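Accompanying notes for the structure given below.
The values are calculated or read from the model by the stated rules, or taken from the named source; none is laboratory data. All values reported here derive from a predicted model rather than from experimental measurement. So basically every Cβ, Gly included, is an ideal-geometry build from the backbone, and we count neighbours across all protein chains shown. The area values use the complete protein model at the heavy-atom level, side chains included, leaving out ligands, DNA and RNA. Shrake-Rupley method; radii C 1.70, N 1.55, O 1.52, S 1.80 Å.
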Amino acid sequence: MTRSATLTAASEAAAINVTAAGTTAPLPSGLVAAYAFNEGSGTTTADASGKGNTGTLKGATWTTQGRFGRALMFDGVSSMVRVASS
């Protein structure tokens, strides 16, 4: 059985981000990244927000059977799209 899902994430500007060094910095406001997952091939997915937060595929595979055509398939266990912290 094939399942499809839409992922939506939001950030509130009032939050504070604690870095690995223990310092704090305000989280960015507004859109940070947007992914259509419609490239259809390759090992990365582009950030449509213009912020340059390219995602790297780890175990996810491309399919043409998405709700609107091309899409990524995730196994629900170990596949993901990794995005570097910016």
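Quick look at the numbers
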read-out	value
Ratio Rg/Rh, restricted to region 35-82 and using Cα atoms, in which Rh is the Kirkwood radius	0.95
Per residue accessible area in Å² of region 28-72, where ligands, DNA and RNA are left out and the probe is 1.4 Å	63 Å²
Spacing of the two label points (7 Å from each Cα toward its C-beta) at Met80 and Thr44, in nm	2.0 nm
FRET efficiency estimate (nearest 0.05) - Cβ-Cβ, Leu27 to Phe68, R0 30 angstrom	0.50
